[in-house]
Amino acid sequence: SSSSSSSSSSSSSSSSPSSSSSSSSDVKQMATTFVQGDDDDNDYDDISSSATTTTNPTNATTTFSDKINQDMTERVQGAVYGIGKVMGNYEYYDYDSSTTPEAGGIPKIRQVLKINADRLTYLAKRDLSRNRLDEAKLLYEECLEIDPRDGRPYLGLSQIAKRRGDYDAARRYLEDGLQTAGTSSFHPTTGQPEYKGNPYLLQALGCLEEDCGYLQKAESYFLSAIASRPCHAPSYVALALLRIRKFKHPVGAGRTLLQKAAWELEKAQLPPSAHVYTTWAALEYQHAGNLRRARSLFQTALEIDPQCSAAWLQWGVMECKSEEYDRAAECFSNGLQYDKRNSRLLQAFAILETKRGHTREAILLFEKALKANPRDAGVLQAYACFVSRLGDYDSARSLLRRGVQVNKRHAPLWQAWGVLELRLGRYGEARKVFQDGIWNCASRSGTNSGGHACARLWQAWGVLEHKDGDLAAARQCFHRALDADPRNVATLTAWTLLEAEEATGGDTPPMDARLIFERALKEFPPGSQEKASLWRSYELMEQRLGNMDEAQIVYQRSMRETMTLQQASSSSTSTISSSSSKKMGSPKDAVAAADIMNNNINDNTIPTKLLKQKDVEVWVGQGDKTSLGGEVWMMDDGSIETKIPKSIMNTSQKKTTIKNNKKSTDNNNNNSESESS
């Protein structure tokens, strides 16, 4: 544009006054049309005076660069003729050049084409992924100037503020976006405006509130996003994870939400989401222990999107935990074919190599992961733990220190650092690390002893005080951990171990440990994996103390609850096919079934129709020893099979035979008495 301006200026200076005045009239006409096209913009009001200065023929030899406002000229040319505007290292040229007949074919002023905002958004995302926050912020602000009703810049600016630790600014950006761009989103199939709010901004605001510790607000925002767009799959995924991980709802609640998400996508004639099935599969193997169903769901997700790195990652992690190392390596390799710079895939592959004993390959993979993303706190934490197991404690400590500098709110990093100092016997340094971690990881709500993220730090601090012999301080730390997360199973187990050890060798029974178990069992719904783990720990504690009768009572209570849960469920969820998902009765029934799964299963007011739709998991530890010395398995069809030692079976059969013989003898005596009478 500058070259065209200079050439036009030189030609104008060498022309006659008549030609100069004719060009001046053309410019005046264009300027008048320009100003009339946009009355709100007052920056171009003095364009006529600028054009008039070019008609003075007395100073023909003077360069026009000294008299013309160059910046104003470039803006006029860019808006009128569609000449591109240069912004840093990025250029865009796609202006609307439609004409109006009444203006004599001269281009009219209109908004910049949407493709410009798309390109700027893409460039801003690229800068954000490379941690160039200032450049990304400038690009997002330019997007807002192009179209303030576009929700993407608000989302990007919120992510930048969140990465900088300014959660108030992040919330403010999202709220401004809901006010400005809340009704500018349209349904992907019907094209109708969504007056209940932008679902993407609502879901992002829910995730922000969840990070800050406001879980009820987060749930309400997720529900609002679903109400705004019933086929918005990310909102279903976020709500399911919130209820399962934070609210400790049974796995059936999350399963019902993900089923509804798949059903709504099919109803809206949209392609299925691979992330919905990936999350569903993760819930199945993490919380229900159903590996067969999880593999089927992973296959469904990869049939939808073969390049879904999240599905390859979760599937590989599941196979690694199941000690199927060859399958896990195949999953990680397939995922890296499509996403070579995925730091989490590289980290999981490195952990797999550590379990295989391939130290050199593990180190190379950790280094590749850090090269791909030097600011990944999860990679730094896993690398430090591996190095500490090799005995290089100084390198592990430097990696952990580097990790907390990158992300001060990553609680597992602080926990790993404190546990490292604890193992080395440096109790004072470990206490300082735990305290610093709690200060940095505390939720923005300022209540509940720091929130869920701090529960693991309080629990580790309590274990430290227990080892140091300060039982009062240990109990206080465990109490703070349960205040932060009342359903933290690790804290409950550690506290009951402390109380059981105190009761061992004494004459008093472990009443405190039993009270902790009884109180904790009320916090978890029937059928959840956490409650099954608590039942098992409760039984083992009684066995270690030699209270076999109490251990058997605990076992019978757990089995009675399991059987009641199985009888209450009329049918389980059908097996998921690899090609399509099963339709539910209606969205209202699905939501009602999810609400029922969040309440007590023994409620007699549950309709039979909804009882048939909900899925109840019966958990029995595979291969675990029962109080009778046998083993119990949970079959795929929902049945329970047990294996009892032969000696106990013989005793049971002997008692049954004696009882039957006695009953037959009594019957014979009664018959003889009746005949004699």
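A few points about this structure:
- Gyration tensor (alpha-carbon) shape descriptor, the stretch 409-488, a/c threshold 1.5: oblate
- Cα-derived Rg to Rh of the stretch 266-334, Kirkwood definition: 1.00
- Applying the Karplus relation 6.51 cos²θ - 1.76 cosθ + 1.60 with θ = phi - 60° to the stretch 130-136 yields 3J(HN,Hα) values of 9, 6, 9, 6, 5, 5, 5 Hz, where x marks Gly and Pro.
- Packing-based ranking, highest mean first, of 543-551, 215-223 given that Cβ atoms within 10 Å are counted: 215-223, 543-551
- For Arg229, the amide hydrogen comes within under 5 Å of no other amide hydrogen, counting only partners 5 or more places away or on other chains and with H modelled in the peptide plane.
- Each peptide in 342-349, 282-289, 324-331, 432-439 was scored by the mean count of other Cβ atoms within 10 Å over its residues; highest first, the order is 342-349, 282-289, 432-439, 324-331.
- Measuring nothing but how far apart in sequence close Cα pairs (under 8 Å, 6+ apart) lie, relative to its length, the stretch 290-426 scores a relative contact order of 14 percent.
- Loop-resident sites, the stretch 130-168, for chymotrypsin sites (Phe, Trp or Tyr not before Pro), counting at most 11 other Cβ within 10 Å (DSSP): none
- Mean separation of Cα pairs under 8 Å and 6 or more residues apart, divided by the residue count, gives the stretch 201-278 a relative contact order of 24 percent.
- Relative contact order for the stretch 407-514, counting Cα pairs under 8 Å that sit 6 or more residues apart, in percent: 20
- Every pair of different Cα atoms in the stretch 299-369 enters the Kirkwood calculation, which places the hydrodynamic radius at 11.9 Å.
- With 5 Å bins beginning at zero, the pair-distance distribution over Cα atoms of the stretch 335-455 amounts to 2, 12, 20, 21, 18, 13, 9, 4, 1, 0 %.
- Full-stretch length increase - Lys321, His479 - with 0.36 nm per residue and alpha-carbon distance subtracted: 53.7 nm
- Accessible area (Å², 1.4 Å probe, nearest 10) - Arg130: 150
- Taking every protein chain into account, the 1.4 Å probe leaves Asp339 with about 50 Å² of accessible area, to the nearest ten.
The values are calculated or read from the model by the stated rules, or taken from the named source; none is laboratory data. Because the structure is predicted, anything quoted here is derived from the model rather than measured. Glycine also receives a Cβ, built like all others from the backbone with ideal geometry; neighbour counts cover every protein chain displayed. Note: accessible area is taken over every heavy atom of the protein model, side chains too, but ligands, DNA and RNA are not part of it. Shrake-Rupley method; radii C 1.70, N 1.55, O 1.52, S 1.80 Å.
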